[in-house]
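The values are calculated or read from the model by the stated rules, or taken from the named source; none is laboratory data. What you see is a predicted model; the values in this text were computed from it and never measured. Please note: Cβ atoms are built from the backbone with ideal geometry, for glycine as well, and neighbour counts cover all protein chains shown.
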Amino acid sequence: MATRKKKQPVKTKRPKKAARKYVKPGTSKAEAAHKKILFVNAYLTNGGNKTQAAVTAGYKPGRAAEKAGQRLSQDVAVQQKIREGHEKAVSIAGLEVERTLLEIARVAYSDPRRLYDGRGRLLPVGELPDDVAAAIGSVEIEEEYSGRGRKRSLAGFLKKIKLWDKNAALEKAMKFHGLYREDNDQTRPVIVNSINYADQHKPKKAA
């Protein structure tokens, strides 16, 4: 009697699983795009500090942030967003180049002699010319009294006028005119000198 041969199971090859590609955390396209947005927003609000903007965008402080800031600032899309942000801010604020330069010139070329009239008396703020008033940083008026108790009476006023820093305005004007080189002293701190003008005024006695 013939014996039946057992069928051997057919071995099928399982398809090999595709090797998973390792993706470094934080380097996906979506994450990179998000970091660019954070970088642009930080750059526009921190005065243009590339390294600090990179830190705000999520890069590690130090060399990594410095490299990232340099790379992102050269990215065409990032540069376009920064330009658009600047233009939007300028439009909202109503800033104009001519007006900005005019205000700098008013402080840079300010002349304290124009604060007084022909008789040497300090002009009231409301009577000052526009260019002179623009150079003033603050005005203080202090009352001065004489006597004590019931005999205390108003003796006069002490008026103090502080002008904006003339040196700083001249510094900005010189940079605009290109009177500095990139490697000269323009990066050194400017010594701020405040100028105060005081006017002593005593009320006239009744005749």
Among the candidates V55, V40, V78, which residue alone is buried (at least 16 other Cβ atoms within 10 Å of the Cβ), touching a Pro at 6+ places or on another chain (Cβ under 8 Å) and either polar (S, T, N, Q) or at pLDDT 90 or above (or both)? V55
Single residue of segment 88-147 satisfying the filter (of a type in the set (S, T, N, Q) and without any contact (Cβ under 8 Å) to a residue 12 or more places away in the chain) that is surrounded by the fewest Cβ atoms within 10 Å (Cβ to Cβ): S91
Residue check: is A134 hydrophobic (A, V, I, L, M, F, W, C) and out of contact with any helix residue (DSSP H, G or I) (no Cβ under 6 Å at 6 or more places or on another chain)? no
What residue, of A53, A108, is more than 23 Å from K166 (Cβ to Cβ) and among the aliphatic types (A, V, I, L, M)? A53
What's the number of the condition A64 fails, among (1) closer than 15 Å to I37 by Cβ; (2) over 18 Å from the mean Cα position of the chain (by Cα); (3) among the aliphatic types (A, V, I, L, M)? (1)
Every residue in segment 41-75 that is among the hydrophobic types (A, V, I, L, M, F, W, C), more than 18 Å from A89 (Cβ to Cβ) and in a helix (DSSP H, G or I), please. A54, V55, A64, A65, A68, L72
Do we find that K81 is touching a residue at least 40 places away in the same chain (Cβ under 8 Å), touching an Asp or Glu at 6+ places or on another chain (Cβ under 8 Å) and not polar (S, T, N, Q) in this structure? no
Of the conditions (1) in contact (Cβ under 8 Å) with a residue 24 or more places away in the chain; (2) part of a helix (DSSP H, G or I); (3) not basic (K, R), L38 clears all except one; give me its number. (1)
Boolean, A105 is at pLDDT 85 or above and on the phi < 0 side of the Ramachandran plot: yes
Exception for S73 within (1) under 30 Å from A173 (Cβ atoms); (2) at pLDDT 90 or above; (3) exposed (fewer than 12 other Cβ atoms within 10 Å of the Cβ) falls at (3)
E98 - would you say it is among the acidic types (D, E), out of contact with any helix residue (DSSP H, G or I) (no Cβ under 8 Å at 6 or more places or on another chain) and assigned to a helix (DSSP H, G or I)? yes
Can you tell me which residue within segment 137-166, out of those that are assigned to a strand (DSSP E or B) and hydrophobic (A, V, I, L, M, F, W, C), is nearest to the chain's Cα centre (by Cα)? L163
Across segment 137-180, what is the total count of residues that are closer than 17 Å to T100 by Cβ and among the polar types (S, T, N, Q)? 0
In segment 111-136, how many are over 13 Å from D165 (Cα atoms) and in a helix (DSSP H, G or I)? 10
Condition (residue is touching a strand residue (DSSP E or B) at 6+ places or on another chain (Cβ under 9 Å) and touching a residue at least 24 places away in the same chain (Cβ under 8 Å)) applied to segment 61-70: is it met by at least one residue? no
